[in-house]
Amino acid sequence: MKIALAGTGSKLPSKVLTNDDLSKIVDTSDEWISQRTGIKKRHIIGENENLVSLAFAAGKEALESANIEGKDLGLIIVGTSTQDKRLPNTACELQPLLGAKDCACMDVSSACSGFIYALSIAYSMMNTLDIGYALVVGGDVLSREMDWTDRTTCVLFGDGVGAAVLKKADIEEGFLSFDIGADGSKGFALYDNSYGDDRYIRMDGQEVFKFTVRTVPHSIEQAIQKAGVHKDDIDLYLLHQANLRILEAVSKKLDIPLEKLPHNLERTGNTSAGSIPLLLDEVIKKGMAKKGDLILLCGFGAGLTWGTCVLRL
């Protein structure tokens, strides 16, 4: 029996914040942001939106894509670091909204690697507990954690949620490998305090960049080796949408054509745990990824954490 991808969904807030909009509230410009990051705009939650509302929309779409109902789920995992509430967890809040009942529910906090961490946990639990279907959600509403006077962070991030349904079945396609890890000694490079006077996201961009271009290629190579394939066999590399310069650096270091690294960060910004499932849903909807393709997903971020997996659609 294999664990495979059965459906995807996504949801972005309706409010759009462009680089020009940001230039009116902080000392920056569209040229400054675009040249350094590749980002042109991002989506921000409005008064009637929150993490649960976005996750519900993305999860519902993923269930419809998989042609199942909430009652079929045996597990819901949400990868997020920006829960609406400390208790109950986001997965438990989603459960009744989606019509699920009695299934296991949990949140996973691994920042931008959260979706990959959640996928690996779902994969393991589905095998050990004989679960037929699981919903894995990744997303954050970082606008609530932002210091809008700090141009080193507020220009980077946006809100958004993506979701995927996993199924257990006797099929050829499915997840082939995982590689996850963390270096907690580098946690100072990207943090967000939950108490005290400074409760905003703070980041040492240079330290994060150095970590990423060193660690991400190695994790990708490890996952490909575990999957028993070659890097040239991978049809698409879906990396966390943090910065276009990072994508270019990884492409160069691994000698992978940049065309194999699709991106949407110019329209979404860095959505943390939401970026990979948002991009995955997009490439599937656009027909860029089709049945039988080999796809690599890779996340990296606060912790500092990383996670990579290879799957065949």
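The values are calculated or read from the model by the stated rules, or taken from the named source; none is laboratory data. In this text, all values refer to a predicted model and were calculated from it rather than measured experimentally. Here the Cβ is made from the backbone with ideal geometry for all residues, glycine too, and neighbour counts use every protein chain on show. Protein only, heavy atoms only, side chains kept; ligands, DNA and RNA dropped before computing areas. Shrake-Rupley method; radii C 1.70, N 1.55, O 1.52, S 1.80 Å.
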| message | If I ask for residues that are over 19 Å from Ile276 (Cα atoms), touching a residue at least 40 places away in the same chain (Cβ under 8 Å) and open to solvent by 40 Å² or more (accessible area, probe 1.4 Å), which ones from the range 1-31 would you list? | response | Met1, Lys2, Ile25, Asp27
| message | For the condition of a type in the set (Gly, Ala, Ser), over 17 Å from the mean Cα position of the chain (by Cα) and over 24 Å from Leu296 (Cβ atoms), what is the one hit in Ala55, Ala100? | response | Ala100
| request: For residues that are at pLDDT below 95 and either in contact with a helix residue (DSSP H, G or I) (Cβ under 7 Å, 6 or more places away or on another chain) or not in a helix (DSSP H, G or I) (or both), tally how many sit in the range 207-221. | output: 6
| message | Can you find, within the range 138-175, the residue that is farthest from Val208 (Cα to Cα) among those that are polar (S, T, N, Q) and open to solvent by 40 Å² or more (accessible area, probe 1.4 Å)? | response | Thr149
| query | Taking the range 176-205 only, how many residues are assigned to a strand (DSSP E or B), small (Gly, Ala, Ser) and open to solvent by 20 Å² or more (accessible area, probe 1.4 Å)? | reply | 1
| field | Number of the condition not met by Ile276 [criteria: (1) part of a loop (DSSP other than H, G, I, E, B); (2) surrounded by 15 or more Cβ atoms within 10 Å (Cβ to Cβ)] | value | (1)
| message | Whether any residue in the range 101-119 is in contact with an Asp or Glu (Cβ under 7 Å, 6 or more places away or on another chain), at pLDDT 95 or above and open to solvent by 10 Å² or more (accessible area, probe 1.4 Å) is what I want to check. | response | no
| message | When you scan the range 229-248, do you find a residue that is open to solvent by 50 Å² or more (accessible area, probe 1.4 Å), among the polar types (S, T, N, Q) and part of a loop (DSSP other than H, G, I, E, B), even just one? | response | no
| request: State yes or no: is Lys41 open to solvent by 10 Å² or more (accessible area, probe 1.4 Å), touching a residue at least 40 places away in the same chain (Cβ under 8 Å) and either charged (D, E, K, R) or closer than 20 Å to Ala242 by Cβ (or both)? | output: yes
| request: Please work out which residue is nearest to Ile256 (Cα to Cα), limiting yourself to the range 215-230 and to residues that are of a type in the set (A, V, I, L, M, F, W, C) and more than 20 Å from the chain's Cα centre (by Cα). | output: Val229
| task | List every residue pair whose Cβ atoms lie under 9 Å apart, where the two residues are 6 or more positions apart in sequence or sit on different chains, the first residue falls within the range 203-230 and is on the phi > 0 side of the Ramachandran plot, and the second residue, located anywhere, is surrounded by 17 or more Cβ atoms within 10 Å (Cβ to Cβ). | result | Gly228/Leu176; Gly228/Ser177
| task | Looking only at the range 46-55, decide whether some residue is closer than 27 Å to Phe157 by Cα, among the hydroxyl-bearing types (Ser, Thr, Tyr) and crowded, with 20+ Cβ neighbours inside 10 Å. | result | no
| said: Would you confirm whether or not the range 259-270 contains a residue that is open to solvent by 20 Å² or more (accessible area, probe 1.4 Å), modelled with pLDDT of 95 or more, assigned to a loop (DSSP other than H, G, I, E, B) and touching a strand residue (DSSP E or B) at 6+ places or on another chain (Cβ under 9 Å)? | reply: yes
